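The values are calculated or read from the model by the stated rules, or taken from the named source; none is laboratory data. Quick caveat: nothing in here was measured; it's all calculated off a predicted structure. Here Cβ is always computed from backbone atoms with ideal geometry, including for glycine, and neighbour counts include all displayed protein chains. Side chains included, ligands, DNA and RNA excluded: accessible areas come from the protein's heavy atoms. Shrake-Rupley method; radii C 1.70, N 1.55, O 1.52, S 1.80 Å.
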Amino acid sequence: MENVKNLFSFIENSPTAFHACANLCKALEDSGRIRLTEGEKWELKPGHGYFVTRNMSSVIAFDIPEGEADSFRMIAAHSDSPAFKVKENAELSVRGKYTQLNVEKYGGMLFAPWFDRPLSVAGRVVVRTDKGMEARLVDVDRDLLVIPNVAIHMNREVNDGFKYNAQTDMMPLFGDETAKDGFRKLIADSAGVPEEDILGCDLFLYPRIKGCVIGHEGEYMLCPRLDDLECAFAGLTAFLAAKRPEKGVNMLCVFDNEEVGSGTKQGADSTFLCDVVKRISISLGRGEEELCRALAASFMLSADNAHAVHPNHPEKTDAENCTFMNEGIVIKFNANQRYTTDAVSAAFFHKLLADKGIPCQHFANRSDVAGGGTLGNISGSHVSINTVDIGLAQLAMHSPCETAGTKDVDHMIGGMTAFYDSRVALGRDGEFFLD
Ligand code: CO
């Protein structure tokens, strides 16, 4: 349960992708990894670990081996979760009596569970400084807002199915009429600057719920943002627990904007990973051909949570290729390659887990359901390497409070650590030597 406790505290301190990124960086820095910036020259040394961020919301960490950097072992996860983003003109007035925040959807979320619970606001602001401007994280960090339901008496048919409208149904109540023009001041106070020094904002609502263990014997947990901070946390824990590699580069890549298609400068569909891989190679004095050879011998675990069989709706999942909480790491398959897993990457990962006695299970969507894509196939279009799509089985994905298995946290950390400690050499196409 130690890892579950640490996961809860990581998630509680990571209300937005910016905070998740900052917490990953802090743990990397505390472990002795060196912070790089994209704008400076990199002089990497064998035996040292580094990390670099882009947009303060995506981070790539890597450990340079003492020996040859002849392959990359990459784990990818995402830092963002669906939420409501505060619009630039942040306030709405209702009949001169209420002040609401004006918000829009970020990603595809379940609406209903956002109602009638305390919410707060966090994110990033850009503030004026003596030399120019600087981005800072903010978190109001108190029970601040509510999106109130309409009473059953005024909406008798609601339990027969209700179509929510993001513009009319989802605006949170911020205060009475005296709250008008108060939002920017509140954010400025949280950032510790005068209101006129706030130059820009990326602010999101978040639920105030803390992670908790539930179930007959504590077998489940209920917690916000398990998709995908559970995998990001497991990736970090494994990266720090793995032995420093003798050969090959261990990498942890946590990308923002997966929930909106990854197509931003810092998303999995950007040059970020490709740029980092190239710069590692250049800094170590390796040629272009050596980089191509290293990529051919590389593997990626694309880690993003998966759907468990729903207790009320088992018919939603395939009869056999379905997964349950606490039964191990999910390997995801899709014939159309929305998941990147193929016979080679699945075989490699199966063997790795079997050797360590870590359970795994297999997921495919019902054949009449188009599932969602994730990181692997998108990053693979920029850095094309063998990839297996994995995750942990959970319920209520994209609810502000999700349910998953407490035992699976250790399964994922164990599997990821085994991956970082593995060695692969390439034979002819389709042949791999493992030790
Ligand atoms: Co996800």
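Please specify each residue of the stretch 407-425 satisfying the condition of being assigned to a strand (DSSP E or B) and open to solvent by 30 Å² or more (accessible area, probe 1.4 Å).
Within the stretch 407-425, 425 is the sole residue that qualifies.
For residue 404, only one of the following conditions fails: (1) within 16 Å of the ligand (Cβ to nearest atom); (2) of a type outside the set (S, T, N, Q); (3) open to solvent by 10 Å² or more (accessible area, probe 1.4 Å). What is its number?
Going through the list (1) within 16 Å of the ligand (Cβ to nearest atom); (2) of a type outside the set (S, T, N, Q); (3) open to solvent by 10 Å² or more (accessible area, probe 1.4 Å), residue 404 breaks only (3).
Being in contact with a strand residue (DSSP E or B) (Cβ under 8 Å, 6 or more places away or on another chain) and within 16 Å of the ligand (Cβ to nearest atom) is the filter here; which residues of the stretch 65-100 pass it?
Across the stretch 65-100, the qualifying residues are 75, 76, 77, 78, 79, 80, 82, 83.
Exactly one condition in (1) over 14 Å from residue 262 (Cβ atoms); (2) within 16 Å of the ligand (Cβ to nearest atom); (3) at pLDDT below 90 is false for residue 363; which is it?
Result: residue 363 fails condition (3) only.
Residue 116 fails exactly one of the following numbered conditions: (1) open to solvent by 70 Å² or more (accessible area, probe 1.4 Å); (2) in contact with a strand residue (DSSP E or B) (Cβ under 8 Å, 6 or more places away or on another chain); (3) within 16 Å of the ligand (Cβ to nearest atom). What is the number of that condition?
(3)
To keep it simple, each residue is scored yes or no on (1) touching a residue at least 12 places away in the same chain (Cβ under 8 Å); (2) within 15 Å of the chain's Cα centre (by Cα); (3) closer than 19 Å to residue 278 by Cβ; (4) assigned by TED's automatic domain parsing to the domain that holds residue 236.
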| site | (1), (2), (3), (4) |
| --- | --- |
| 14 | yes, yes, no, yes |
| 18 | yes, yes, no, yes |
| 23 | yes, yes, no, yes |
| 32 | yes, no, no, yes |
| 37 | yes, no, yes, yes |
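Restricting attention to the stretch 366-383, which residues are touching a helix residue (DSSP H, G or I) at 6+ places or on another chain (Cβ under 7 Å) and more than 13 Å from the ligand (Cβ to nearest atom)?
Passing the criteria: 379, 382, 383.
Run residue 211 past the list (1) farther than 30 Å from residue 122 by Cα; (2) touching a residue at least 40 places away in the same chain (Cβ under 8 Å); (3) out of contact with any Gly (no Cβ under 6 Å at 6 or more places or on another chain) and report the number of the one that doesn't hold.
Evaluating residue 211 over (1) farther than 30 Å from residue 122 by Cα; (2) touching a residue at least 40 places away in the same chain (Cβ under 8 Å); (3) out of contact with any Gly (no Cβ under 6 Å at 6 or more places or on another chain) leaves (1) as the failure.
Quick check, is residue 202 among the acidic types (Asp, Glu) and not in a loop (DSSP other than H, G, I, E, B)?
So residue 202 fits the description; yes.
Could you say which residue among 107, 132 is open to solvent by less than 40 Å² (accessible area, probe 1.4 Å) and touching a residue at least 40 places away in the same chain (Cβ under 8 Å)?
Result: 107 is the single residue among 107, 132 that is open to solvent by less than 40 Å² (accessible area, probe 1.4 Å) and touching a residue at least 40 places away in the same chain (Cβ under 8 Å).
Which ranges mark the strands (runs of 3 or more DSSP E) fully within the stretch 59-141 that have 3 or more residues being outside the structural domain of residue 291 (by TED's automatic domain parsing) and within 26 Å of residue 183 (Cα to Cα)?
By residue number, 83-94, 98-106, 119-128, 133-139.
Can you work out which of the residues in the stretch 317-373 that are over 17 Å from residue 304 (Cα atoms) and of a type in the set (Ser, Thr, Tyr) is least open to solvent (accessible area, probe 1.4 Å)?
Only one residue fits best here, namely 317.
Residues in the stretch 151-191 that are part of a loop (DSSP other than H, G, I, E, B), open to solvent by 80 Å² or more (accessible area, probe 1.4 Å) and more than 18 Å from residue 103 (Cβ to Cβ): how many?
First, pick out the residues of the stretch 151-191 that are part of a loop (DSSP other than H, G, I, E, B): 151, 155-157, 161-172, 180-182.
Those still in the list that are open to solvent by 80 Å² or more (accessible area, probe 1.4 Å) too: 156-157, 162-163, 167-168, 180-181.
Of the ones still in play, those that are also more than 18 Å from residue 103 (Cβ to Cβ) are 156-157, 162-163.
Looking only at that region, the number is 4.
Which residues, counting only those in the stretch 259-281, are open to solvent by 50 Å² or more (accessible area, probe 1.4 Å) and within 16 Å of the ligand (Cβ to nearest atom)? Quick ask: steps written out before the conclusion?
From the stretch 259-281, those open to solvent by 50 Å² or more (accessible area, probe 1.4 Å) are 260, 263, 265, 269, 271, 278-279; that's our starting set.
Passing the criteria: 260, 263, 269.
Looking only at the stretch 39-71, how many residues end up being more than 21 Å from the chain's Cα centre (by Cα) and among the hydrophobic types (A, V, I, L, M, F, W, C)?
4
Can you pull out every residue in the stretch 282-300 that is in contact with a Phe, Trp or Tyr (Cβ under 6 Å, 6 or more places away or on another chain) and either within 16 Å of the ligand (Cβ to nearest atom) or outside any loop (DSSP other than H, G, I, E, B) (or both)?
Passing the criteria: only 283.
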